[in-house]
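Below: the structure, in C-alpha cells.
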Amino acid sequence: MRLILRRIVGQLGFEVADAEDGRAALDLLAGMENVPDLALVDWNMPNMNGLEFVTAAREDARLREMTLVMVTTESEQSHIVRALAAGAHEYVIKPFTSEAMIEKLALLGLVPTGANT
Amino acid sequence: MSDQTTPTVDNLREIAEQVWSAYLDPEGIRPLMLGETSEASSGVSASVSLTGAWHGHVVVTCSSEAARNAAAAFLAMETTEVSDEDMTDVMGELANIVGGNVKSMLPAATAVSLPHVVTGAANRFPTTRQICELAGTWLDEPFSISMWQSRELAEVPAA
C-alpha cells in the first residue's frame with residue numbers, strides 16, 4: 001500500500017518519505033528539518049498502530065500543523081469517530097481508487113494547481 | 001454468532017469486485033473468472049486472522065505467476081520488474097484489504113491481525129473449517145479467496 005500511496009501523491013508533485021510503522025514514522029519525522037504537509041496513515045501497523053501514531057503526532061507541537069489522513073480497511077463508524085477525535089483530518093477506506101484519494105486530498109486543499117491528476 | 005452475521009461467498013465476491021476494480025483490473029478488461037479452478041503448482045498464500053467476537057482466517061491464495069501479475073497491476077509496473085518482496089507485500093495487502101472488509105461484517109469486537117504470507121506452500125489452519133470460498137482464475141492462473149472459522153465456534157449451534 002505504501003508504494004501505491006507513494007505513486008499517487010508523487011504524481012501530485014509531493015516529495016515522499018515512508019515508514020513501516022507508527023514508531024518508525026515518528027523517528028523519521030523527528031529527523032526531518034521541515035515537517036511534511038501530509039501524512040497518510042494506515043490503522044493496522046505493527047509496533048505502533050495508526051491511531052496511536054495520530055494521537056502521538058497531535059501531542060507533538062511540532063507536528064500539529066501536519067494534515068493526517070487515515071487510510072485503512074477499518075470501516076466501522078466507531079473507528080472513524082475515534083480517528084477523527086484523535087486528530088485525523090480525513091478517513092479513506094480501502095480499497096480506494098487513485099481518483100478517490102486525489103479527491104479527498106483536493107478537499108483538504110492539498111492538490112496543487114496544475115498537478116498531474 | 002448466528003448464520004446471519006457469517007460472511008458468505010456473495011460477500012467475498014462483492015469485496016473481490018471492489019479490489020479488482022480499484023487495483024487489479026481498473027479498466028475492467030481482466031476480471032477474476034469465477035468457477036474455473038485449478039491447483040497452483042507453486043503458490044503464494046496470504047492470510048489475516050480475525051480474533052475477538054469471531055475467530056477465523058481470511059486467506060488469499062494464488063499461483064506465483066498470479067501473484068506476480070497482481071503485484072505488477074497493484075504497483076503499476078511491468079511483471080519483469082516485480083521482485084519477490086513486491087509479491088509478498090502485495091499479497092499481504094490484498095489479504096489485509098479483504099480481511100478488513102470481512103471484519104466490518106462481523107461483530108464490532110473483532111480485530112484483524114497483520115498479514116502473514118507463505119510462498120511455496122499453503123497456509124494451514126488445523127483447528128478451523130472452511131466456511132466459504134471464492135475460487136477461479138485470473139489471467140488463466142488459479143486464484144482464490146477463502147474464509148476459515150474456528151472449528152469450536154463453527155460447531156456451536158445458533159441460538
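The values are calculated or read from the model by the stated rules, or taken from the named source; none is laboratory data. Here the structure is a predicted model, which means the values were calculated and not measured. Backbone-built Cβ (ideal geometry, glycine too); neighbour counts: all protein chains shown.
Odds and ends about this structure:
- All positions within region B:120-144 that are surrounded by fewer than 17 Cβ atoms within 10 Å (Cβ to Cβ), part of a loop (DSSP other than H, G, I, E, B) and either touching a strand residue (DSSP E or B) at 6+ places or on another chain (Cβ under 6 Å) or at negative phi (or both): B:Ala121, B:Ala122, B:Arg124, B:Pro126, B:Thr127
- Region B:95-119, residues that are among the aliphatic types (A, V, I, L, M), part of a strand (DSSP E or B) and under 18 Å from B:Ser150 (Cβ atoms): B:Ala111, B:Val112
- Checking B:Ala70, B:Ala121 one by one, the residue that is more than 10 Å from chain A (Cβ to nearest Cβ) and modelled with pLDDT under 95 is B:Ala121 and no other.
- Filter pass, B:Val112 being crowded, with 23+ Cβ neighbours inside 10 Å, facing chain A (nearest Cβ under 10 Å) and over 12 Å from the mean Cα position of the chain (by Cα): yes
- Leading residue by the ranking (nearest to B:Ser21 (Cα to Cα)) among those in region A:76-92 that are within 10 Å of chain B (Cβ to nearest Cβ) and surrounded by fewer than 19 Cβ atoms within 10 Å (Cβ to Cβ): A:Glu76
- Every condition in (1) surrounded by 13 or more Cβ atoms within 10 Å (Cβ to Cβ); (2) out of contact with any Ser or Thr (no Cβ under 9 Å at 6 or more places or on another chain); (3) among the charged types (D, E, K, R); (4) assigned to a loop (DSSP other than H, G, I, E, B) is met by A:Glu65 except one, and the failing one is (1).
- Out of A:Thr73, A:Thr97, A:Thr55, sole residue that is of a type in the set (Ser, Thr, Tyr), in contact with a helix residue (DSSP H, G or I) (Cβ under 9 Å, 6 or more places away or on another chain), without any contact (Cβ under 8 Å) to a residue 24 or more places away in the chain and surrounded by 14 or more Cβ atoms within 10 Å (Cβ to Cβ): A:Thr97
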